[in-house]
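The structure appears right after this line, and notes come after that.
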Amino acid sequence: EAAVTQSPRNKVAVTGGKVTLSCNQTNNHNNMYWYRQDTGHGLRLIHYSYGAGSTEKGDIPDGYKASRPSQENFSLILELATPSQTSVYFCASGGGLGGLYAEQFFGPGTRLTVL
Amino acid sequence: GDSVTQKEGLVTLTEGLPVMLNCTYQTIYSNAFLFWYVHYLNESPRLLLKSSTDNKRTEHQGFHATLHKSSSSFHLQKSSAQLSDSALYYCALSDRGTNTGKLTFGDGTVLTVKP
């Protein structure tokens, strides 16, 4: 049973439209993360959360918002989508500890295309 | 801040030859916690191995890596490449300082193993 799921798995959006990517985890982890994956740039952190009600900016937050309504759910919101946001988005969960306990568990990814 | 460098974006090998993927890092902290994640096509990225002990070899699923703090390196190696090793490999560094559970990823290396 997959512990981190994402929906939708594929999305085509129009420029200027609103896009919401959803993530659910059953690991009971405190922390959740949103990354985008682009060739040559690896995994870049967009937003993360320490728990329900909290969101923090990652390394590339511009143009994105996040929402953590519960322990299990973490959404990434593109209010005004642009073609530069075409990418593969990964959600991950982690226990929130540092050092060797910083392992993160990833979802299957969402492929977003903005036309 | 912390950074991870994977100098090879693409490595192509013939099956049976040894694998070495380079990873170097920078951090202000004396303790470094390094990870290798593997991302197979159509799967989720997952942890391959991790280490924080200087000069100690860590092994998992036929791969091994040794953390060398003197050279800030954590190269991934395998004695004999298999076709099934073809994947995207990420080196990552744990955020030691604030215990956020955050990881800093390198840009990734695509390993392609040919018959």
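Does A:T20 meet the test of being at pLDDT 95 or above and either surrounded by 13 or more Cβ atoms within 10 Å (Cβ to Cβ) or hydroxyl-bearing (S, T, Y) (or both)? Yes: the conditions hold for A:T20. Somewhere in region B:81-102, is a residue within 13 Å of chain A (Cβ to nearest Cβ), touching a helix residue (DSSP H, G or I) at 6+ places or on another chain (Cβ under 7 Å), of a type in the set (K, R) and in contact (Cβ under 8 Å) with a residue 60 or more places away in the chain? Yes, there is a match, as at least one residue in region B:81-102 is within 13 Å of chain A (Cβ to nearest Cβ), touching a helix residue (DSSP H, G or I) at 6+ places or on another chain (Cβ under 7 Å), of a type in the set (K, R) and in contact (Cβ under 8 Å) with a residue 60 or more places away in the chain.
Whenever a residue of region A:74-85 is within 20 Å of A:D38 (Cβ to Cβ) and touching a residue at least 60 places away in the same chain (Cβ under 8 Å), its partners that are open to solvent by less than 20 Å² (accessible area, probe 1.4 Å) and in a helix (DSSP H, G or I), lying with C-beta atoms within less than 9 angstrom and at least six residues away or across chains, give the pairs A:L78/A:Q85.
Give region B:51-76 a look and list any residue that's away from chain A (no Cβ under 14 Å) and assigned to a loop (DSSP other than H, G, I, E, B), or say none.
Hits for region B:51-76 are B:N55, B:Q61, B:G62, B:K69, B:S70, B:S71, B:S72, B:H75.
Scanning region B:19-50 for residues that are assigned to a loop (DSSP other than H, G, I, E, B) and either of a type in the set (F, W, Y) or farther than 22 Å from B:S71 by Cα (or both) yields B:Y29, B:F33, B:Y40, B:L41, B:N42, B:E43, B:S44, B:P45. Would you confirm, using the coordinates I've provided, whether A:Y89 is within 20 Å of B:D2 (Cα to Cα), part of a strand (DSSP E or B) and of a type in the set (S, T, Y)? No; evaluated as a whole, the condition is false for this residue. Within region A:94-110, restricting attention to residues that are modelled with pLDDT of 95 or more and open to solvent by less than 10 Å² (accessible area, probe 1.4 Å), which residue is farthest from the other protein chains (Cβ to nearest Cβ)? Among those that are modelled with pLDDT of 95 or more and open to solvent by less than 10 Å² (accessible area, probe 1.4 Å), it is A:T110. If you go through region B:39-76 and keep only what is in contact (Cβ under 8 Å) with a residue 24 or more places away in the chain, over 26 Å from A:A92 (Cα atoms) and not basic (K, R), you end up with B:S71, B:S72. Considering every residue within region A:41-57, establish whether at least one is touching a Lys or Arg at 6+ places or on another chain (Cβ under 9 Å) and among the charged types (D, E, K, R). The answer is yes; a qualifying residue exists.
If you go through region A:41-56 and keep only what is surrounded by fewer than 15 Cβ atoms within 10 Å (Cβ to Cβ) and free of Cβ contacts under 8 Å to residues at least 12 places away in the same chain, you end up with just A:H41.
Taking region B:77-97, which residues are assigned to a helix (DSSP H, G or I) and open to solvent by 60 Å² or more (accessible area, probe 1.4 Å)?
Within region B:77-97, B:L83, B:S84 qualify.
The values are calculated or read from the model by the stated rules, or taken from the named source; none is laboratory data. Because the structure is predicted, anything quoted here is derived from the model rather than measured. Neighbour counts run over all protein chains shown; Cβ positions are idealised from the backbone, glycine included. Protein only, heavy atoms only, side chains kept; ligands, DNA and RNA dropped before computing areas. Shrake-Rupley method; radii C 1.70, N 1.55, O 1.52, S 1.80 Å.
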